[in-house]
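**Student:** One structure, pasted below without further comment.
The values are calculated or read from the model by the stated rules, or taken from the named source; none is laboratory data. For clarity, every value in this text was computed on a predicted model and none was experimentally measured. Please note: Cβ atoms are built from the backbone with ideal geometry, for glycine as well, and neighbour counts cover all protein chains shown.
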Amino acid sequence: MKIGYILNTYPSPSHSFIRREIRALERRGLTIHRFAMRRHAGALPDPADREEAARTEHVLEKGALALIWALFTVGLQRPARIYSALTLAIRTGRGSDVGVFRHLIYLLEAAYIARRAMALRLDRLHAHFGTNPAAVAMLAQAMGAPAYSFTVHGPEEFDKPAAIALGRKAERADFVVTISAFGRSQLCRWVPHRIWPCLHVIHCGIEPLTFAEPPPLPAERPLVLVAIGRFSEQKGQLLLLDAVAEVVRRGVDLRLVLIGDGEMRPLIERGIAHHGLGRHVRLTGWLDEAGVLGELAQAHGLIVPSFAEGLPMVLMEAMAYGRPAIATWVAGIPELMEHGKTGWLVPAGDCGALVEAITDMSMTADTKLGKMAKTARARALTRHDIDTEAAKLAALFSQRPRTHPD
């Protein structure tokens, strides 16, 4: 079976879960052709991402003439389909937050995908994220490309479901994947009841062999916590700095390692300086997988202060590596974590609760932390084995596509 994967920016440091899914499907004998609208602008620290970049067809790099030519040739072959796709693009664009013109660009991208799908004899299309990748897949299918499906991650899709026509995309799709039961519940709000059986929960996965022999928790203090993620409002790093400052004022010897980068880095650096946390907080930038595991090996746990999430890959990876966590009680996180057993769950945006959880962790006996670590590892490996999850997705791909609306 040949599947065309449709992505926005790929590969990128924060999307390693897509790479793992694709490769797990390939291990099952599926052929995956990667389409990305654009190339990641920054460096790719992980060699596996650089390999993926070489295997990915970047659509916008083909140039405007190639996309217009694709629309023309598909139109000659299937003129009625082009009219249907154009109508769909305009209707979707009028109700969106990016407008009709952007959706006409999606139409050109979709024409290129449709043409390539026919040339490669693809059996299906699958998009990651319910934003523009799902729009391109929907429009490509309207032009005569094979059935499409897509994976919804959140939280962005759930912030503005009407503006991205999430319900329309789901109704026209063969099926939709969500990464948590919470995500599925949100989709149920935006599609008719008859579509609910087409909504499936398939977790993002980890490769257990990567975490085959995690090191024991550090026996010495200070308490070391790692936070991993893009520096953005939803990740809560500024609130975390407020909490760390209070914990330090209480006399707790704490070190925080922030792994990642993003538009909020200057604000975070100013926050570190404002609180006088230069000795307590270290910024590493993006690290490859080995670098992340190296930092986790020296840490007592992970901390996830996010205001909004889907189900963070970093959480399941840290748990599989035998590290308890402090995380906010949002979206799919409580489906993976168990308060008091694998770590601490706190209300999102509650600085005081975050302070108490960090303080509590600092005073927890090594034996109890070690037990939490073992429980966390077992839970992550049981629920998030990438080959198990990819098998579920492959089974959906093997089913006969349902009838789609015109």
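Residues are listed down the side, and each one gets a yes or a no for (1) in contact with a Ser or Thr (Cβ under 9 Å, 6 or more places away or on another chain); (2) assigned by TED's automatic domain parsing to the domain that holds Arg38; (3) under 22 Å from Glu171 (Cα atoms); (4) surrounded by fewer than 24 Cβ atoms within 10 Å (Cβ to Cβ):
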site: Arg102; (1), (2), (3), (4): yes, yes, yes, yes
site: Glu109; (1), (2), (3), (4): no, yes, yes, no
site: Ile113; (1), (2), (3), (4): no, yes, yes, no
site: Met118; (1), (2), (3), (4): no, yes, no, yes
site: His126; (1), (2), (3), (4): yes, yes, yes, no
site: Thr131; (1), (2), (3), (4): no, yes, yes, yes
site: Ala137; (1), (2), (3), (4): yes, yes, yes, no
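**Student:** What number of residues within region 358-391 satisfy the criterion of being among the small types (Gly, Ala, Ser), crowded, with 22+ Cβ neighbours inside 10 Å and closer than 17 Å to Asp253 by Cα?
**Tutor:** 0
**Student:** Restricting region 150-172 to residues that are more than 13 Å from the chain's Cα centre (by Cα) and small (Gly, Ala, Ser), which is farthest from Arg94 (Cα to Cα)?
**Tutor:** Top of the filtered list is Ala170.
**Student:** Hey, another quick one. Could you list all residues from region 330-357 that are farther than 24 Å from Arg250 by Cβ and surrounded by 14 or more Cβ atoms within 10 Å (Cβ to Cβ)?
**Tutor:** Within region 330-357, Val330, Ala331, Gly332, Ile333, Pro334, Glu335, Leu336, Met337, Glu338, Thr342 meet the criteria.
**Student:** Okay, moving on. Given Ala54, Ala85, Ala48, which one is closer than 25 Å to Pro146 by Cβ, not hydroxyl-bearing (Ser, Thr, Tyr) and not in a loop (DSSP other than H, G, I, E, B)?
**Tutor:** Going through Ala54, Ala85, Ala48 in turn, just one is closer than 25 Å to Pro146 by Cβ, not hydroxyl-bearing (Ser, Thr, Tyr) and not in a loop (DSSP other than H, G, I, E, B): Ala85.
**Student:** Determine, yes or no, whether Arg323 is outside any helix (DSSP H, G or I), in contact (Cβ under 8 Å) with a residue 12 or more places away in the chain and touching a Leu at 6+ places or on another chain (Cβ under 8 Å).
**Tutor:** Yes; evaluated as a whole, the condition is true for this residue.
**Student:** Is one or more of the residues making up region 215-225 of a type outside the set (A, V, I, L, M), farther than 27 Å from Gly322 by Cβ and surrounded by fewer than 17 Cβ atoms within 10 Å (Cβ to Cβ)?
**Tutor:** Taking every residue of region 215-225 in turn, none turns out to be of a type outside the set (A, V, I, L, M), farther than 27 Å from Gly322 by Cβ and surrounded by fewer than 17 Cβ atoms within 10 Å (Cβ to Cβ).
**Student:** Going residue by residue through region 74-82, is there one that turns out to be surrounded by 17 or more Cβ atoms within 10 Å (Cβ to Cβ), touching a Phe, Trp or Tyr at 6+ places or on another chain (Cβ under 8 Å) and touching a residue at least 24 places away in the same chain (Cβ under 8 Å)?
**Tutor:** So far as region 74-82 goes, no, none of its residues is surrounded by 17 or more Cβ atoms within 10 Å (Cβ to Cβ), touching a Phe, Trp or Tyr at 6+ places or on another chain (Cβ under 8 Å) and touching a residue at least 24 places away in the same chain (Cβ under 8 Å).
**Student:** Here is a further query. Can you list residue pairs whose Cβ atoms sit under 6 Å apart, with the first residue in region 152-174 being within 18 Å of Leu125 (Cβ to Cβ) and the second being of a type in the set (D, E, K, R)? Count only pairs 6 or more apart in sequence or on different chains.
**Tutor:** Pairs found: Leu166/Glu157; Asp174/Arg402.
**Student:** Of all residues in region 292-320, how many are surrounded by fewer than 21 Cβ atoms within 10 Å (Cβ to Cβ), modelled with pLDDT under 95 and either not assigned by TED's automatic domain parsing to the domain that holds Lys368 or not in a helix (DSSP H, G or I) (or both)?
**Tutor:** 1
**Student:** Further question: Are there any pairs with C-beta distances below 7 angstrom linking a residue in region 23-39 that is assigned to a strand (DSSP E or B) to a residue that is small (Gly, Ala, Ser), with the two at least 6 apart or on different chains, and if so which?
**Tutor:** Pairs that qualify, where the first residue is assigned to a strand (DSSP E or B) and the partner is small (Gly, Ala, Ser), are His33/Gly4; Phe35/Gly4.
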